[in-house]
1. How many residues are away from the ligand (no atom under 16 Å from the Cβ) and farther than 14 Å from Arg112 by Cβ when one looks only at segment 135-160?
2. May I ask you to say which residue of Lys114, Lys60, Lys84, Lys71 is of a type outside the set (A, V, I, L, M, F, W, C), touching a helix residue (DSSP H, G or I) at 6+ places or on another chain (Cβ under 9 Å) and exposed (fewer than 15 other Cβ atoms within 10 Å of the Cβ)?
3. In this structure, is Trp51 farther than 16 Å from Val233 by Cβ, in contact (Cβ under 8 Å) with a residue 24 or more places away in the chain, assigned to a helix (DSSP H, G or I) and of a type in the set (Phe, Trp, Tyr)?
4. Going by the structure shown, is Met1 part of a helix (DSSP H, G or I) and either surrounded by fewer than 19 Cβ atoms within 10 Å (Cβ to Cβ) or more than 17 Å from the chain's Cα centre (by Cα) (or both)?
5. Does Leu222 count as within 15 Å of the ligand (Cβ to nearest atom), at pLDDT 95 or above, part of a helix (DSSP H, G or I) and within 22 Å of Arg134 (Cα to Cα)?
6. For segment 190-217, give me the residue count where each residue is surrounded by fewer than 18 Cβ atoms within 10 Å (Cβ to Cβ) and farther than 21 Å from Ile251 by Cβ.
7. Just the residues that are within 16 Å of the ligand (Cβ to nearest atom) and buried (at least 17 other Cβ atoms within 10 Å of the Cβ), please, taken from segment 89-111.
8. Which of the residues spanning segment 162-200 are assigned to a helix (DSSP H, G or I), within 16 Å of the ligand (Cβ to nearest atom) and out of contact with any helix residue (DSSP H, G or I) (no Cβ under 7 Å at 6 or more places or on another chain)?
Amino acid sequence: MRKPLIAGNWKMHKTINEAIDLVNGIKRELLDFESADIAVCPAFTALSSVWEVLINTNIKLGAQNLYWEAKGAFTGEISCDMLKDCGCYYVIIGHSERRKYFHETDETVNKRIKAALASGLFPIVCVGETLEEREGEKTISVVKNQLQGAFNGFSNEEVDKIVIAYEPVWAIGTGKTATPQQAGEVHAFIRGWVRENFSDAGAGSIRILYGGSVKPSNIKELMNEADIDGALVGGACLDADSFVSIVTNSI
Ligand code: 13P
């Protein structure tokens, strides 16, 4: 049985004080909630402060990106050890906004996952097609290529530590959620791909989150799909009440 995971991707929102307010609001309501795993992924600048609020709670901290080198002259980048130092447990890798605006590729996504796993961070790896690709009936081949690139060279044990997030680009920040059937179909493909390329057990246990305009009102029907194991939430995670409702409605 896979335990649901609801993770909030705060993107480039919230100053330190705003982040502390938000995480306190979430903690107040979800401190004793054990039916789903919960994670918040603030901007780098707020990680340490949010961690101070979360220490010894059931709510995990995640970062939104990392750089694969351990240290050195890489101005503006953040290493795995730096993230762990701030209390991070998860790290989002290969979000479509990183791919689109910052030219990340399947190859650099792979390097990032490798570095995260080596350091003990748990990657949340994002895949998903654009509207043009969906309309051209290329969804499955695009997602398959992204998976092949991202997971290249990993062992079964490593794959066990990875969370996958299917985020159709056309559903991100648009209010246009994939229907449960549309999402369910791609999730089933992803699980089958893991089974084919790694193991039955790995396919059975890997968590595949859906992301793209998830709200308190649509999480339930998405979670009804057999292969949807949780959500990576953007806009609706920036308000404590709405994030809390998504978590409580997810089970
Ligand atoms: P929205 O929930 O705002 O559509 O964003 C989804 C997302 O990109 C999460 O990583």
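The values are calculated or read from the model by the stated rules, or taken from the named source; none is laboratory data. The shown structure was predicted, so the numbers you read here are calculated from the model rather than taken from an experiment. Note that we place each Cβ from the backbone using ideal geometry, even for glycine, and neighbour counts take in every protein chain shown.
1. 17
2. Exactly one residue qualifies, and that residue is Lys71.
3. For Trp51, the condition - farther than 16 Å from Val233 by Cβ, in contact (Cβ under 8 Å) with a residue 24 or more places away in the chain, assigned to a helix (DSSP H, G or I) and of a type in the set (Phe, Trp, Tyr) - is met.
4. no
5. On the way: within 15 Å of the ligand (Cβ to nearest atom): yes; at pLDDT 95 or above: yes; part of a helix (DSSP H, G or I): yes; within 22 Å of Arg134 (Cα to Cα): yes.
The answer is yes for Leu222.
6. Adding up the residues that qualify gives 7.
7. As a first pass, look at segment 89-111 and keep what is within 16 Å of the ligand (Cβ to nearest atom): 90-102, 104, 109.
Once the filter is applied, which keeps residues that are within 16 Å of the ligand (Cβ to nearest atom) and buried (at least 17 other Cβ atoms within 10 Å of the Cβ), segment 89-111 yields Tyr90, Val91, Ile92, Ile93, Gly94, His95, Ser96, Glu97, Arg98, Arg99, Glu104, Val109.
8. Result: Ala171, Gln182, His187.
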